[in-house]
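First up is the structure itself, then whatever we jot down about it.
The values are calculated or read from the model by the stated rules, or taken from the named source; none is laboratory data. In this text, all values refer to a predicted model and were calculated from it rather than measured experimentally. All Cβ positions, glycine included, derive from the backbone under ideal geometry; neighbour counts span all protein chains shown. Only protein heavy atoms, including side chains, enter the accessible area calculation; ligands, DNA and RNA are left aside. Shrake-Rupley method; radii C 1.70, N 1.55, O 1.52, S 1.80 Å.
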Amino acid sequence: MAVEKMKKVSITAIRDQSDMLLKEIQKSGTIHFKELELQELPEDYVFLSKTAPVEDFELIEEKQVIDATLKALKPYVPKKSITAKRPRLTYEECCNYLCKPELKETHRKVKEILDKKDALAQEIKKAKSENEQLEQYAFIDFSTADLNDLKKVKAFLIAVKAAKEETFLAWKEAFPELYLEPLGKVKQDTVYLAVSERGKYQEVQDSLNHQSIPILDLSFEKPPRELIEYNVNRLKKAESELVRCNDALNALGHRYDDILIELDAVNTVLSRNQVIENFLNSRHVIYMEGWVPEKDIPGLYNILDRMLPQSYYLEAEDVSPEDAETPVKLKNKGIFTYFESITEMFSLPAYQELDPTSILTIFYLIFFGMMVGDVGYGLILTLGCFFALRWIDFKEKTRRSVKMFFYLGISVILCGFLYGSMFGITIFAPVPVKGGGFKPILDTQTDIVFMLVLSLVIGVIHIFSGLVMKGLNSYIQKDYAGIFCDSVLWMLTLASGILLLLTGAGMLDLGSPKLFGIIFGICIAGLAATQGRSSKTLGGKIGGGLYGVYGLTSYIGDIVSYTRIVALGLSGAYIAFSFNLMSGLIPGVLGKLVFGTLIAVFGQALNLGLSLLGAYVHSCRLQYVEFFGKFYKGGGKAYRPFQVENDYISIKSTNQEDE
């Protein structure tokens with residue numbers, strides 16, 4: 001239940017050898033570096049200064065090129081089997097991808113193709129835009145640019161709106177020498193070819209402006225239909241070029257996985273350059289601080305001895321309990337490891353706090369199993385996770401989550417045998433019934449009250465576990481008064497109150513209700529006297545004590561909240577039974593075979609999804625509110641060691657053979 005014990009380390013090394021040292025530290029992945037500030041150090045370190053950030057312009061630019069290449073090639077990546085494994089490389093092999101000439105050539109080709117595609121896209125856009133305009137004037141069968149070449153007359157185009165046709169006809173009588181020829185319509189406007197003497201053009205233009213009749217500014221070098229045909233040919237050619245560009249990208253698609261490895265390599269080098277900003281240095285030495293798990297200290301000494309023999313100084317000291325910066329790494333084994341994500345999703349424990357994952361795991365398995373409680377659903381979940389783990393190369397975090405659901409599936413199977421249910425059908429009924437017949441160990445139709453009581457008992461045990469954890473945390477933090485006042489006293493209060501209720505109602509024959517009443521009263525008085533002890537004033541102590549006693553009412557709600565365990569289990573069982581009943585009501589052999597099967601399969605699949613989702617959410621809720629609320633503070637800082645960036649590869653040690 002404890003977190004990984006940390007050591008705070010400080011390393012002083014020769015500055016010229018720092019890059020080589022950082023590579024080895026990155027490969028080991030053990031140090032969580034601290035960002036150092038000069039004012040935090042003793043006066044003896046006054047000769048040090050903040051390390052200047054490394055100029056990463058080239059690497060950042062290279063990463064941008066890689067991202068652009070990956071984005072361009074992604075649609076053309078050859079399909080891989082879901083069971084395909086990630087490449088397994090050493091640190092050196094990964095970094096060598098930064099220097100591969102074939103990848104540089106791939107980036108160059110992809111950039112050329114993308115530039116060409118951009119130019120073609122612009123050309124296509126321009127041609128389509130031109131054709132949209134030209135198609136409106138397709139009725140013009142001459143080059144409008146030629147109108148400007150006439151010497152003695154002035155020819156131009158005008159557009160007359162339908163609403164002004166009558167006014168326009170009356171207007172043109174004022175210019176009998178003006179030649180007008182209707183050419184066609186653009187929407188509701190009629191386009192005319194107008195020809196006037198050059199000497200009278202200005203007068204005609206002024207009159208047209210007065211009538212709000214625009215002169216069209218069209219300059220087509222050729223008749224619009226010829227230009228449209230020319231643009232159509234341009235479009236066909238550009239689109240065929242685009243196809244060739246896409247084919248060229250498709251031919252480079254096989255490089256996608258190699259470029260992903262190159263991206264990991266770039267990120268690894270970038271992280272190494274960025275972590276330097278956390279250090280201090282002088283002309284000759286570099287100084288760094290951080291945290292290392294105690295078990296990894298010998299490995300760190302080995303790295304320093306190998307890389308900098310007799311040229312370093314390492315100091316490893318115990319972590320101060322008051323140091324809130326100390327990162328937290330959970331320390332669990334076996335099945336408990338896979339449930340760490342549930343704890344992390346809420347908050348990591350503080351460094352001087354117990355890790356609740358082990359207790360959480362036990363109860364999470366119980367809650368989840370009882371909420372789903374079906375052998376068939378458990379088999380689907382367990383087998384699905386088993387084959388996924390066997391065939392798919394998950395990242396470590398995902399693999400742990402899948403492994404968690406594998407064990408949850410086993411819990412669902414075991415609880416399914418308790419309920420005797422498989423897809424809502426009773427398959428296991430070993431308990432004989434008076435009058436003949438058999439029933440499941442827990443019958444969801446006749447044992448509802450017993451199941452409710454069972455859920456309440458589990459809830460009380462869960463809450464008491466939280467109070468025990470509270471006492472253990474108080475012991476670790478040397479709050480010896482808190483062990484009794486905040487843990488033991490609350491357990492005595494709850495236990496005596498529950499026994500008083502049960503014996504007083506005649507539900508339990510275990511001593512005198514009067515005795516339990518006296519004990520309960522003493523405990524209440526104890527709570528009133530101790531729960532406000534942290535306050536400095538008498539009024540604060542009294543108020544805090546009374547508020548602590550009032551907090552007893554929240555325990556009632558917490559205990560009742562555990563009835564959701566049975567509520568979800570029963571709802572899932574009844575939904576499964578209902579879909580089975582509906583499928584059986586379909587008339588006819590063929591109807592049952594086709595529609596009955598569809599209803600059953602759809603209903604069971606829907607119920608499976610809802611049951612798993614509900615069990616996951618409500619099991620978390622019982623942990624976070626009813627359990628963690630009794631003792632857990634959290635707020636721990638995650639342990640994030642300086643390590644190789646391996647999103648797309650699996651790192652192996654240099655001397656490790658490929659499997």
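Residues that are in a loop (DSSP other than H, G, I, E, B) and under 42 Å from the mean Cα position of the chain (by Cα) within the stretch 469-506 comprise Q477, K478, D479, listed in sequence order.
Being modelled with pLDDT of 90 or more, in contact with a strand residue (DSSP E or B) (Cβ under 7 Å, 6 or more places away or on another chain), at negative phi and part of a helix (DSSP H, G or I), is that true of even one residue in the stretch 553-569? No - not one qualifying residue is present in the stretch 553-569. Of the residues that make up the stretch 367-374, is at least one surrounded by fewer than 23 Cβ atoms within 10 Å (Cβ to Cβ), at pLDDT 95 or above and of a type outside the set (K, R)? Within the stretch 367-374, not a single residue is surrounded by fewer than 23 Cβ atoms within 10 Å (Cβ to Cβ), at pLDDT 95 or above and of a type outside the set (K, R). Given the structure, is S534 in a helix (DSSP H, G or I) and within 28 Å of H462 (Cβ to Cβ)? No; evaluated as a whole, the condition is false for this residue.
The criterion of being among the small types (G, A, S), open to solvent by 30 Å² or more (accessible area, probe 1.4 Å), under 30 Å from L454 (Cα atoms) and assigned to a helix (DSSP H, G or I) does not hold for S358. The single condition from (1) part of a helix (DSSP H, G or I); (2) open to solvent by less than 40 Å² (accessible area, probe 1.4 Å) that F602 fails is (2). Per the conditions (1) small (G, A, S); (2) in contact (Cβ under 8 Å) with a residue 40 or more places away in the chain; (3) farther than 16 Å from L178 by Cα, the sole criterion not satisfied by S196 is (3).
Scanning the stretch 64-82 turns up no residue that is acidic (D, E), at pLDDT 90 or above and over 19 Å from S271 (Cβ atoms).
Rundown of residues vs (1) over 28 Å from A605 (Cβ atoms); (2) without any contact (Cβ under 8 Å) to a residue 24 or more places away in the chain; (3) among the charged types (D, E, K, R), yes/no style:
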{"position": "F368", "(1), (2), (3)": "no, no, no"}
{"position": "Y377", "(1), (2), (3)": "no, no, no"}
{"position": "F386", "(1), (2), (3)": "no, yes, no"}
{"position": "L389", "(1), (2), (3)": "no, yes, no"}
{"position": "I392", "(1), (2), (3)": "no, no, no"}
{"position": "R399", "(1), (2), (3)": "no, yes, yes"}
{"position": "A429", "(1), (2), (3)": "no, yes, no"}
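Against the criterion of being over 32 Å from the mean Cα position of the chain (by Cα) and either over 23 Å from L612 (Cα atoms) or not in a helix (DSSP H, G or I) (or both), G466 does not qualify. In the stretch 99-218, counting only helices (runs of 4 or more DSSP H) that sit wholly within it, the ones holding 1 or more residues that are closer than 30 Å to E239 by Cα and within 60 Å of the chain's Cα centre (by Cα) span 101-136. As a summary of the residue check, L134 satisfies the conditions (1) surrounded by fewer than 17 Cβ atoms within 10 Å (Cβ to Cβ); (2) more than 17 Å from I261 (Cα to Cα) except for the one numbered (1). Take the stretch 94-135 and flag every residue that is of a type in the set (V, I, T) and over 30 Å from V644 (Cβ atoms). If the condition is that a residue be of a type in the set (V, I, T) and over 30 Å from V644 (Cβ atoms), then I113, I124 are the ones that fit. When I392 is tested against (1) crowded, with 19+ Cβ neighbours inside 10 Å; (2) modelled with pLDDT under 95; (3) closer than 26 Å to T83 by Cβ, exactly one condition is not met: (1). When I522 is tested against the conditions (1) of a type outside the set (D, E, K, R); (2) assigned to a helix (DSSP H, G or I); (3) open to solvent by 50 Å² or more (accessible area, probe 1.4 Å); (4) within 21 Å of G459 (Cβ to Cβ), the lone failure is (4). D67 satisfies every condition listed in (1) touching a residue at least 60 places away in the same chain (Cβ under 8 Å); (2) in contact with a helix residue (DSSP H, G or I) (Cβ under 9 Å, 6 or more places away or on another chain); (3) open to solvent by 80 Å² or more (accessible area, probe 1.4 Å) except (3). Considered as a group, the residues in the stretch 304-359 that are of a type in the set (F, W, Y) and in contact with a Gly (Cβ under 8 Å, 6 or more places away or on another chain) include one that is modelled with the highest pLDDT, and that residue is F346. The residue list S455, S474, S465 contains one member that is among the polar types (S, T, N, Q) and in contact with a Ser or Thr (Cβ under 6 Å, 6 or more places away or on another chain), which is S455. Residues that are out of contact with any helix residue (DSSP H, G or I) (no Cβ under 6 Å at 6 or more places or on another chain) and surrounded by 13 or more Cβ atoms within 10 Å (Cβ to Cβ) were ranked within the stretch 157-167; the one that is farthest from Q211 (Cα to Cα) is L157. What about V625, is it surrounded by 13 or more Cβ atoms within 10 Å (Cβ to Cβ), out of contact with any Cys (no Cβ under 6 Å at 6 or more places or on another chain), among the β-branched types (V, I, T) and not in a helix (DSSP H, G or I)? Considered against the rule, which asks whether it is surrounded by 13 or more Cβ atoms within 10 Å (Cβ to Cβ), out of contact with any Cys (no Cβ under 6 Å at 6 or more places or on another chain), among the β-branched types (V, I, T) and not in a helix (DSSP H, G or I), V625 comes out as no. Report yes if E93 is within 30 Å of the chain's Cα centre (by Cα) and in a helix (DSSP H, G or I), otherwise no. Yes. Applying the set (1) in a helix (DSSP H, G or I); (2) open to solvent by 20 Å² or more (accessible area, probe 1.4 Å) to G614 leaves exactly one unmet item: (2).
The condition of being of a type in the set (D, E), open to solvent by 50 Å² or more (accessible area, probe 1.4 Å) and either in contact (Cβ under 8 Å) with a residue 40 or more places away in the chain or touching an Asp or Glu at 6+ places or on another chain (Cβ under 9 Å) (or both) holds for only one of D479, D509, that being D479.
Does I362 fit the bill of being free of Cβ contacts under 8 Å to residues at least 40 places away in the same chain and closer than 17 Å to L622 by Cβ? The answer is yes for I362.
One line per residue, one yes/no per condition, for (1) surrounded by 15 or more Cβ atoms within 10 Å (Cβ to Cβ); (2) farther than 30 Å from D115 by Cα; (3) touching a strand residue (DSSP E or B) at 6+ places or on another chain (Cβ under 6 Å):
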position	(1), (2), (3)
A174	no, yes, no
V191	yes, yes, yes
A238	yes, no, no
D257	yes, no, no
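Exactly one condition in (1) open to solvent by less than 20 Å² (accessible area, probe 1.4 Å); (2) touching a helix residue (DSSP H, G or I) at 6+ places or on another chain (Cβ under 8 Å) is false for K154; which is it? Against the list (1) open to solvent by less than 20 Å² (accessible area, probe 1.4 Å); (2) touching a helix residue (DSSP H, G or I) at 6+ places or on another chain (Cβ under 8 Å), K154 comes up short only on (1).
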